[in-house]
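Report on one structure; see the data block that follows.
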Number of protein chains: 2
Amino acid sequence: MSTPRSIYDVARAADVSITTVSRVMGTSTHRVRPATRERVLRAAVELGYSPSALARALVTRQTRLVGVLVGDATDPYFAGILRGVEDTARANGYLVLLCNTDREADVELRYLHVLRDYRADGILFAGGCQTDPVYLRELEGLVTRMREHGTAIVALARYPFGIPEVGIDNTAATGCAVEHLLELGHRRIAFIGGRPGVSTSEERLAAYRSVLEAAGLRYDPVLVLPGDYTYSGGRRAADLLLAISPRPTAVLAINDASAVGCLVALKEHGLRVPAEVSVAGINDIPAAYYVEPALTTVSVPIYELGAIGMRHLLRGLAGEAVPPSRRIEHSLVVRRSTAPPPRARPRSRL
Amino acid sequence: MSTPRSIYDVARAADVSITTVSRVMGTSTHRVRPATRERVLRAAVELGYSPSALARALVTRQTRLVGVLVGDATDPYFAGILRGVEDTARANGYLVLLCNTDREADVELRYLHVLRDYRADGILFAGGCQTDPVYLRELEGLVTRMREHGTAIVALARYPFGIPEVGIDNTAATGCAVEHLLELGHRRIAFIGGRPGVSTSEERLAAYRSVLEAAGLRYDPVLVLPGDYTYSGGRRAADLLLAISPRPTAVLAINDASAVGCLVALKEHGLRVPAEVSVAGINDIPAAYYVEPALTTVSVPIYELGAIGMRHLLRGLAGEAVPPSRRIEHSLVVRRSTAPPPRARPRSRL
DNA sequence: GCCCAGGAGGAAAGCGCTTTCCAGGCAGCG
DNA sequence: CGCTGCCTGGAAAGCGCTTTCCTCCTGGGC
């Protein structure tokens, strides 16, 4: 077990100074005679030389590393975002550091510290922001400091401290799903939430509530079920839903993973979807299409979201201005999991 | 925009040498008087000091970075593995570098070079190995060199060059799925493959063939459909399957993603599953459970696979011996997507 | 034939750390 | 009181690069 060859080894083998080696291996504009360049190159491949990105990063002050914080890469939503991010990162010579936070404030903070230690050039927050004040204070300090050091930061959700954001309009997206249910004639609409204290969850819940109230319905806390964004969280929510009396005729989940979980569990309990209960979600993950019945949901360009986020990061890295807030369009996709409630006609026919 | 504080700044603020700062911030065993330590610590937090992992890595020769090469993180199988890997990496102070290869030899090689440049401590191959000789030659050189430099390498599939592997027995796993179909009475069993030139694909295809032949059936190349491990690849395979005459009564897909795609497309074409055609997969991703009808598949402890792989890597990193080959158990999970073929009784009843 | 510009290569500083080797101080011991 | 040895702390070398000066050399213009 030895050590990788260093620039010094190559220099000696090619009988030049390390300066010259650096010039031919790197991006320097200083000219090198073709013959010399050739000699260096040959020596390099002969020795199996690979320039240390660490040493280079140390002096150039850029690592070409970007950290991506996702709630859970196992959720098809985040998986898709990750692909978008990575593809465009790779195309631009960046490497991505994967950080699953499970939306835990402490894990997220921990990762942020680590990313700072590694001097990541950029950070992408793929999920919602925690609202816990202690966390926020810590986050603000970290973010402020990192920015001063030139770290680019972008979020794919609403984020404080002026962090540039790109994402859908949660309020509108949630609203249009609720309205769809309302138009079908539903009056008792349950909501499977996410973790309280996460911006995205709060926004969607608030939108659910306000659309309901705008329709003249009373907001009933009993109808909001705890969830955790996962398939199994959706299943658990289904159990709770079944215990509510009178039973809701529709349910909107904060994301498709929970929606699918809920839908499947409901079916297992013998309920017919959508005949007895309608189910809708948000995100339009692939499973939304192939679950039975196919899920009505709000479609979001997942991969694109990741790609655009990364592109913004790149822009920031290049010192260009990053638009503070870019809204990506969404659209309601009505499939077969929603229908008018039992013995009721759609509102539009009233 | 400034520069992060360096160890030097802290030393000056605490009025000690950088040696002392290093000793209190790092893992040194050299003792430091409590009072001094306290001073250093205070100065560090006051200045918002974060030790540069890069500089540290440069001198200690370990980066605490591990690269994970996956086919496609969007496939729930790889997503699960990734979680297993990351959780145990984080628990041990390692950071994971995400590398989606799409099973392209050149992308994989490119990533390997990059990982070498970054001096990643370890590399985990999560998917199968390419069999292209040009690729293999290049890979061997790279792997050999990296090992000499102390890089730990582990694969979650069969890999050459003595790379330690942990994974299921592809031959047995595929075999038991085929046998299940055979026992139900199927005689025309199609196979949705992966990319030719990938070890896992070849192994599973070979197993499919040999079990068929062992049962006295002729191996018919017409029945092996091209696939690409994806949901949409499965859908395309369904179209091809429909064009085969006489139509196969069952199909086994190389992985669940394609199986689900095929199953859904078949349904869309009006076929009843499993009444008219049985579908089976391998891996047991969550979707296998909730697709309708639920997919018969070979269950693999996905998350565990990732975790164990990472644990092996850790062992290698610690200089301990890594078992050259560890087989993880799998098990056939019979769900509702498989049944006896139309107008035929199960073989066991003959 | 001489001078100057520009092309090509090198020396050395420095990026932010760890680690080895050393030195000073002080307590304990004879 | 002198010596030994432990306890703390520091100096300096070096990890593998990039980059800023410099120097040297060559060719072209006059």
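Regarding region B:288-299, can at least one residue be identified that is closer than 24 Å to residue B:158 by Cβ and of a type in the set (Val, Ile, Thr)? For region B:288-299, residues closer than 24 Å to residue B:158 by Cβ and of a type in the set (Val, Ile, Thr): present. Scan region B:141-199 for residues that are under 14 Å from the mean Cα position of the chain (by Cα) and either closer than 18 Å to residue B:256 by Cβ or among the polar types (S, T, N, Q) (or both) and jot them down. Hits for region B:141-199 are B:156, B:157, B:167, B:168, B:170, B:198, B:199. Could you please give the count of residues in region A:110-128 that are over 11 Å from the mean Cα position of the chain (by Cα) and away from chain B (no Cβ under 13 Å)? The number of residues fulfilling the criteria is 2. A single entry from B:175, B:197 fulfils the requirement of being away from every other protein chain (no Cβ under 14 Å), in contact (Cβ under 8 Å) with a residue 24 or more places away in the chain and on the phi > 0 side of the Ramachandran plot: B:197. Scan region B:204-222 and give yes if some residue there is in contact (Cβ under 8 Å) with a residue 60 or more places away in the chain and either away from chain A (no Cβ under 14 Å) or more than 16 Å from the chain's Cα centre (by Cα) (or both), otherwise no. Looking through region B:204-222, at least one residue is in contact (Cβ under 8 Å) with a residue 60 or more places away in the chain and either away from chain A (no Cβ under 14 Å) or more than 16 Å from the chain's Cα centre (by Cα) (or both).
The set of residues from region B:210-227 being surrounded by 16 or more Cβ atoms within 10 Å (Cβ to Cβ) and part of a helix (DSSP H, G or I) comprises B:211, B:212, B:223. Any residue at all in region B:325-336 that's acidic (Asp, Glu), away from chain A (no Cβ under 13 Å), surrounded by fewer than 22 Cβ atoms within 10 Å (Cβ to Cβ) and assigned to a helix (DSSP H, G or I)? There is no residue in region B:325-336 that is acidic (Asp, Glu), away from chain A (no Cβ under 13 Å), surrounded by fewer than 22 Cβ atoms within 10 Å (Cβ to Cβ) and assigned to a helix (DSSP H, G or I). If you go through region B:10-26 and keep only what is in contact (Cβ under 8 Å) with a residue 12 or more places away in the chain and either within 8 Å of DNA strand C (Cβ to nearest atom) or under 44 Å from the mean Cα position of the chain (by Cα) (or both), you end up with B:10, B:20, B:21, B:22, B:24, B:25, B:26. Those residues that are more than 24 Å from the chain's Cα centre (by Cα) and within 17 Å of residue B:341 (Cα to Cα), I need them from region B:254-281; list them, please. If the condition is that a residue be more than 24 Å from the chain's Cα centre (by Cα) and within 17 Å of residue B:341 (Cα to Cα), then B:266, B:267, B:270, B:271, B:272, B:273, B:274, B:275, B:276, B:277, B:278 are the ones that fit. Any residue at all in region A:42-63 that's within 30 Å of residue A:261 (Cβ to Cβ), in contact with a strand residue (DSSP E or B) (Cβ under 9 Å, 6 or more places away or on another chain) and away from DNA strand C (no atom under 11 Å from the Cβ)? No, because not a single residue in region A:42-63 is within 30 Å of residue A:261 (Cβ to Cβ), in contact with a strand residue (DSSP E or B) (Cβ under 9 Å, 6 or more places away or on another chain) and away from DNA strand C (no atom under 11 Å from the Cβ).
Taking region B:140-154 as the range and being at the interface with chain A (Cβ under 9 Å from one of its Cβ atoms) and surrounded by fewer than 18 Cβ atoms within 10 Å (Cβ to Cβ) as the test, the residues that pass are B:141, B:145, B:147, B:148, B:149.
Only residues that are buried (at least 23 other Cβ atoms within 10 Å of the Cβ) and in a helix (DSSP H, G or I) were counted across region B:185-200, and they come to 1. The lone criterion from (1) more than 17 Å from residue B:234 (Cα to Cα); (2) surrounded by 19 or more Cβ atoms within 10 Å (Cβ to Cβ); (3) of a type in the set (Asp, Glu) left unmet by residue B:284 is number (1).
Among the numbered conditions (1) under 19 Å from residue A:95 (Cβ atoms); (2) within 16 Å of DNA strand D (Cβ to nearest atom), the only one that residue B:86 does not meet is (2).
Of the set (1) in contact (Cβ under 8 Å) with a residue 60 or more places away in the chain; (2) surrounded by 23 or more Cβ atoms within 10 Å (Cβ to Cβ), all apply to residue B:95 but (1).
Considering region B:27-61, and only residues there that are more than 12 Å from DNA strand D (Cβ to nearest atom) and under 39 Å from the mean Cα position of the chain (by Cα), the residue that is nearest to residue A:82 (Cα to Cα) turns out to be B:53. On the stretch given as region B:251-282, residues that are over 14 Å from residue B:193 (Cα atoms) and assigned to a strand (DSSP E or B) total 1. Here B:166, B:134 are screened, and the one residue that is under 29 Å from residue B:57 (Cβ atoms) and either away from chain A (no Cβ under 14 Å) or not in a loop (DSSP other than H, G, I, E, B) (or both) is B:166. Can you name the condition, by its number, that residue B:177 falls short on among (1) within 26 Å of residue B:221 (Cα to Cα); (2) in a loop (DSSP other than H, G, I, E, B)? Failing condition for residue B:177: (2).
Within region A:1-49, being surrounded by 19 or more Cβ atoms within 10 Å (Cβ to Cβ) and touching a His at 6+ places or on another chain (Cβ under 7 Å) holds for A:4, A:23.
Every number in this text was worked out from the coordinates using simple rules, so none of it is lab data. In this text the structure is predicted, and so the values were computed from the model without any measurement. Cβ sites come from the backbone with ideal geometry, for glycine too, and all protein chains shown count toward neighbours.
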